[in-house]
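Single-structure report; data block below.
The values are calculated or read from the model by the stated rules, or taken from the named source; none is laboratory data. Owing to the predicted nature of the structure, the values given are computational and were not obtained by experimental measurement. Note that we place each Cβ from the backbone using ideal geometry, even for glycine, and neighbour counts take in every protein chain shown. Calculation scope for accessible area: heavy atoms of the full protein, side chains included, ligands and nucleic acids excluded. Shrake-Rupley method; radii C 1.70, N 1.55, O 1.52, S 1.80 Å.
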Amino acid sequence: MADNHATAALKTSTVEKQPETTEAEAPRVMTRTKRMMVAIDESDSSFYALQWVIDHFSDLLMTTETAEAEGDLLTVVHVQSQFYHFAAFPAGPGGATAVYASTAMIESVKKAQQEASAALLSRALQMCRAKQIRAETLVLEGDAKDMICQAVEQMHVDLLVVGSRGLGKIKRAFLGSVSDYCAQHASCPILIVRPPKEITK
């Protein structure tokens, strides 16, 4: 059921055309990479990771006849949070009540999510176009950690790149970290790009 949901959620837009590694090691890893994926969200750290990839690997991902023939491609993925049609609230001692969202509210939230995703991916594509990077965009819905790992496996990604938000120990313990989860569960090498301290503040 989960696989079917993930497959249905994969929506690819028009193509514009490792274990954690250090910057010095990355070019050697990339010489064998055909398909890269960068996960973005609204955070500055995720866009820093995308810019880092563009700056360091543009020669491998530029729109050229060779790259197109060999299928080299950068996929920029964004995961929208799943919207639940109801929420449970306490209704007294030992009880709770479910409040269901109206159709108008559901449509309004979905439209806002789509607009936010479109704006993020448009910004990402502009960054890629500026360096003539051959890229496509992908919007998924669900839990970011799970959906990214499923997309990596289904699309046979060679290298996953994620930014690090620099969560503190307490936030990391309670919220978890997309980068930590993907490092443990992704079916391909993963590069975690840590931004300068001023970006994570």
Leu160 passes all but one of the listed conditions (1) assigned to a strand (DSSP E or B); (2) at pLDDT below 95; the exception is number (2)
Expected output for region 148-167 (first residue more than 20 Å from Phe57 (Cα to Cα) and of a type in the set (Asp, Glu), partner open to solvent by less than 10 Å² (accessible area, probe 1.4 Å) and not in a loop (DSSP other than H, G, I, E, B), Cβ below 6 Å, 6+ apart or cross-chain) is none
Restricting region 172-194 to residues that are at pLDDT below 85 and outside any helix (DSSP H, G or I), the one surrounded by the fewest Cβ atoms within 10 Å (Cβ to Cβ) turns out to be Gly176
### Message
Ser122 - would you say it is under 15 Å from the mean Cα position of the chain (by Cα) and at pLDDT below 90?
### Response
no
Going through region 72-106 in order, the residues found to be assigned to a strand (DSSP E or B) and either modelled with pLDDT of 80 or more or surrounded by 14 or more Cβ atoms within 10 Å (Cβ to Cβ) (or both) are Leu73, Leu74, Thr75, Val76, Val77, His78, Val79, Gln80
Scanning region 107-131 for residues that are among the polar types (S, T, N, Q) and open to solvent by 80 Å² or more (accessible area, probe 1.4 Å), the one nearest to Met36 (Cα to Cα) turns out to be Gln126
